[in-house]
1. What are the ³J(HN,Hα) values, in whole Hz, obtained from phi via the Karplus relation 6.51 cos²θ - 1.76 cosθ + 1.60 with θ = phi - 60°, for each residue of region 68-83 in sequence order, with x given for Gly and Pro?
2. P(r) tail for region 69-149, what percent of Cα pairs lie past 14 Å?
3. Can I get the semi-axes of the chain's equivalent ellipsoid? Compute them from the C-alpha gyration tensor as square roots of 5 times the eigenvalues, in angstrom, largest first.
4. Apply 1/(1 + (r/R0)^6) to the Cβ-Cβ distance of Gln125 and Thr61, taking R0 = 22 Å, and write down the FRET efficiency to the nearest 0.05.
5. Using a Förster distance of 35 angstrom, determine the FRET efficiency expected from the C-beta separation of Arg28 and Asp181, and round it to 0.05.
6. So for the chain: antiparallel DSSP bridges make up what percent, rounded to the nearest 5?
7. When the accessible area of region 1-107 is split by element with a 1.4 Å probe, what percent falls to carbon and sulfur?
8. With Cβ to Cβ distances under 9 Å as the rule, what net charge do the other residues near Leu87 carry (K, R +1; D, E -1)?
Amino acid sequence: MASELVWYVSYGSNMNAARLACYLEGGRPPGARVGYVGARDHTPPRDDMAVMLPGCLYFGTVSRVWGGGIAFYDHDADGPTAARAYLITAEQFVDVAAQEMHRLPAAGDPLEKIVLDGVPEGRYQAGPGIYETLLRVGERDGFPMLTFTAPTRSTDVAFNQPVPAYLDMLGAGLLQAHGWDAARCRQYFGGCGVLEEAA
């Protein structure tokens, strides 16, 4: 059952394939303060594609990994949000989510059953943490499209400027997935409140 496929939809630094590889294979991303153990299954994504989501990208709180604000997704706000979807197993998705929640991947993670059974009403809050709210944002080729974000709305969180290294990682992902150059990325981030000198 854990081998069932899902689309993991990233709107943040995991749009960069090398960054996501650290969550699947283990490693430390350039510019990050911490490394990752990787998923139980190190198999690369079977496919990936550029997607545009309804809703907005916003930056808030303080990242343990980068410093500065980190990206979140508000599905109910005006958008759109540029993202990248990766076709991976449900087990891998849960292991990526665990590492985003600062936990170690482990067999028997209760989130795996939620993913395999289908996210109730398209939204499931696994805990109070900043990336512990699971969203179903669509379906492609018969597989659910899933992402995770904060439980709060964009209007409930004070904006915090992201650091340049983090924006560089997002920008590399936007180039890979959408073909956006640096100027287009700056325009996009500026629409999310990011100051020009940091973009």
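The values are calculated or read from the model by the stated rules, or taken from the named source; none is laboratory data. These numbers were taken from a predicted model, which means no experiment stands behind them. Positions of Cβ are backbone-derived with ideal geometry, glycine not excepted, and every protein chain shown enters the neighbour counts. Just the protein is used for accessible areas: all its heavy atoms, side chains included, with ligands, DNA and RNA removed. Shrake-Rupley method; radii C 1.70, N 1.55, O 1.52, S 1.80 Å.
1. Taking θ as phi minus 60°, the curve returns x, x, 10, 7, 9, 10, 9, 5, 9, 9, 5, x, x, 10, 6, 8 Hz for region 68-83.
2. Values: 2045 of 3240 pairs.
Taking all Cα-Cα pairs of region 69-149, the fraction more than 14 Å apart is 63 percent.
3. Numbers: eigenvalues 120, 64, 55 Å².
Those come to 24, 18, 17 Å.
4. Calculated value: 0.85.
5. The value I calculate is 0.80.
6. Working: 31 of 33 bridges.
Rounded to the nearest five, the antiparallel share is 95 percent.
7. Solvent-exposed carbon and sulfur of region 1-107 make up 53 percent of the total.
8. -1
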